[in-house]
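Novice: The following block contains the structure, expressed as structure tokens.
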Amino acid sequence: MATEAPARLKRKRKSTKIKKKNGFKKFWRLGMEEFNTGAFEISKDGELVAREGNYQYNIYDIVKKYGSPTEIFFPTVIEHRARDLIETFNAYIKILGYKGRYHYHYPMKVNQNREFVLPAVAEGANLDIASANELYLVKRMLEQEKFHSKMRVICNGPKTARYMELIEELNGKGLIVIPIIEDRVELERMQKFKGPVGIRVDININVKGHWNKKFNRFGFTETELLELGKIRNLTVLHYNISSQTEQINGFIEPLKRALQLFAKMKTKNPGLDTIDMGGGAGVPYNKYKKFYSAKNLIQKIIKTAKVQSDALGIKHPNLITEWGRYVMAPAQITIYRVTAEKLVQNKGGYKWYIVDGSFMNDLTDTWALKQKWHVIPVNGLAHPKLEKVWFAGSSCDSDDKYTHGGLYVSVPKLSDHDELYVAFLDTGAYQDSLSSHHCLLSSPLKLMAANGEVKVVRKRETPEEVGKQFGW
Ligand SMILES: *Cc1c(COP(=O)(O)O)cnc(C)c1O
């Protein structure tokens, strides 16, 4: 009897020790490459730390210094991912004996912030442009001799008169601009264009993911393209199926179809030498679900392109991808402070945790698409007492909330801490240009963390600045 109790106690103590040693890292899904959290750790005080090589940033210290809501972005993440993407494609091209070349085009619409675009360009990204205004920024960089004149620019989206003028102007200056023809009006106008052009096909195929619409308004149907016959200066066959494509097959099936179409179109268009697969590579936003790796995806793409081209008896086409979300999303985190708590009525003990920013404004996809995010406490990470919460934004709108799809998010109990901050991971793609000013709330402060230093790149908006945007 006397020996039993201490033995049990001992065992118990040992198990808490193991948990402590891992610092709850696994529980919060940190330090796991498959969830894009390889760079995150927990400090011995239970605070969120981000690593950049052998530098590290204590996120809690940063928000205490700069306040919230705050976005922190890491340009080295963009550099790393863009470089890795290009190198992986090139590696499999070599290993599998593929004869075409690979070009990465960063789709600027995913995040147009200068501080995000330039690191991708520095690693060899070409660009994919969606509007006249985006192209105008490219023009300015060229004029300042900041961009190499060999950079290739694909121009997607409807070509307004202004957009077309810019395309022609830059083409005249020797830049490789490749307008992608969207419709018959553009086809007609492109008859006079003195440069390579692409054309977009709406491949009639279903893949898993929010953006693969049953009714698509972009490009021509496969039948239409075959009826068009010869298209002047045609070099690129382009398609864009979806974004955040959920399965590798969602890339492989459309590629097979595109290759068949490519082979048929090539008989009348011998200059056609490139397939642009568009965007779609996804990010593991959902920490409860495993996601494919880019390496696996790229290997399967090259293999498919090789096997299919050989079967069709065509020269291996050059390949383009315009993967934006994949490169940009993990480069930024958004941090809010929990300012108050309330009971969620009729929801068994769940709490509303009210934050000092707005999901509708700052992370618009939360509202628009029911986007799921990987949410991590910034402090109190080693604290075992957790609460099941739904987050409420600080606008007066009942849709300004984050419930993880009606489930819940676990975070430390607010009452156990003097203050509590939470970080939403992977917020670097799409949110900035979609963001708005509901209730005239200010946009978050934007910080850049690079080379061990933290810098303000967008100040927190003052009431004057916000008012000015509305004519005050
Ligand atoms: C939006 C878009 C992309 C980027 O898609 P991701 O899913 O972010 O990779 C690429 N190409 C075109 C034409 C697009 O419209």
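The values are calculated or read from the model by the stated rules, or taken from the named source; none is laboratory data. These figures come from a predicted structure and were not determined experimentally. Counting neighbours? That spans all protein chains shown, and the Cβs are built from the backbone with ideal geometry, glycine included. All accessible areas refer to the heavy atoms of the entire protein, side chains included, with ligands and DNA or RNA removed. Shrake-Rupley method; radii C 1.70, N 1.55, O 1.52, S 1.80 Å.
Novice: Do any helices (runs of 4 or more DSSP H) lying entirely in the range 248-337 carry at least 1 residues that are more than 30 Å from Trp373 (Cβ to Cβ), and which ones are they? It would help to see each step written out before you state the result.
Specialist: Working: elements: 249-268, 294-312, 325-328.
Helices (runs of 4 or more DSSP H) meeting the threshold: 249-268, 294-312.
Novice: Report yes if Ala122 is in contact with an Asp or Glu (Cβ under 8 Å, 6 or more places away or on another chain) and either surrounded by fewer than 17 Cβ atoms within 10 Å (Cβ to Cβ) or at pLDDT 95 or above (or both), otherwise no.
Specialist: On the way: in contact with an Asp or Glu (Cβ under 8 Å, 6 or more places away or on another chain): yes; either surrounded by fewer than 17 Cβ atoms within 10 Å (Cβ to Cβ) or at pLDDT 95 or above (or both): yes.
The answer is yes for Ala122.
Novice: Still on this structure: Can you find a residue that is without any contact (Cβ under 8 Å) to a residue 12 or more places away in the chain and assigned to a helix (DSSP H, G or I) anywhere in the range 195-212?
Specialist: No, the range 195-212 contains no residue that is without any contact (Cβ under 8 Å) to a residue 12 or more places away in the chain and assigned to a helix (DSSP H, G or I).
Novice: Identify all residues within the range 1-52 that are over 27 Å from the mean Cα position of the chain (by Cα), modelled with pLDDT of 85 or more and surrounded by fewer than 14 Cβ atoms within 10 Å (Cβ to Cβ); write none if there are none.
Specialist: Those that are over 27 Å from the mean Cα position of the chain (by Cα), modelled with pLDDT of 85 or more and surrounded by fewer than 14 Cβ atoms within 10 Å (Cβ to Cβ): Lys44, Asp45.
Novice: Filter the range 269-306 for residues that are more than 21 Å from the chain's Cα centre (by Cα), of a type in the set (Gly, Ala, Ser) and surrounded by fewer than 22 Cβ atoms within 10 Å (Cβ to Cβ) and give the result.
Specialist: Gly271
Novice: Right, something else. Kindly indicate whether any position in the range 218-232 is surrounded by fewer than 19 Cβ atoms within 10 Å (Cβ to Cβ) and within 12 Å of the ligand (Cβ to nearest atom).
Specialist: Looking for residues that are surrounded by fewer than 19 Cβ atoms within 10 Å (Cβ to Cβ) and within 12 Å of the ligand (Cβ to nearest atom), one finds at least one in the range 218-232, hence yes.
Novice: So is Ser433 away from the ligand (no atom under 16 Å from the Cβ) and open to solvent by 10 Å² or more (accessible area, probe 1.4 Å) or not? Working first, answer last.
Specialist: Numbers: away from the ligand (no atom under 16 Å from the Cβ): no; open to solvent by 10 Å² or more (accessible area, probe 1.4 Å): yes.
No: the conditions fail for Ser433.
Novice: Can you tell me which residue within the range 176-211, out of those that are away from the ligand (no atom under 16 Å from the Cβ) and charged (D, E, K, R), is surrounded by the most Cβ atoms within 10 Å (Cβ to Cβ)?
Specialist: This residue is Arg189.
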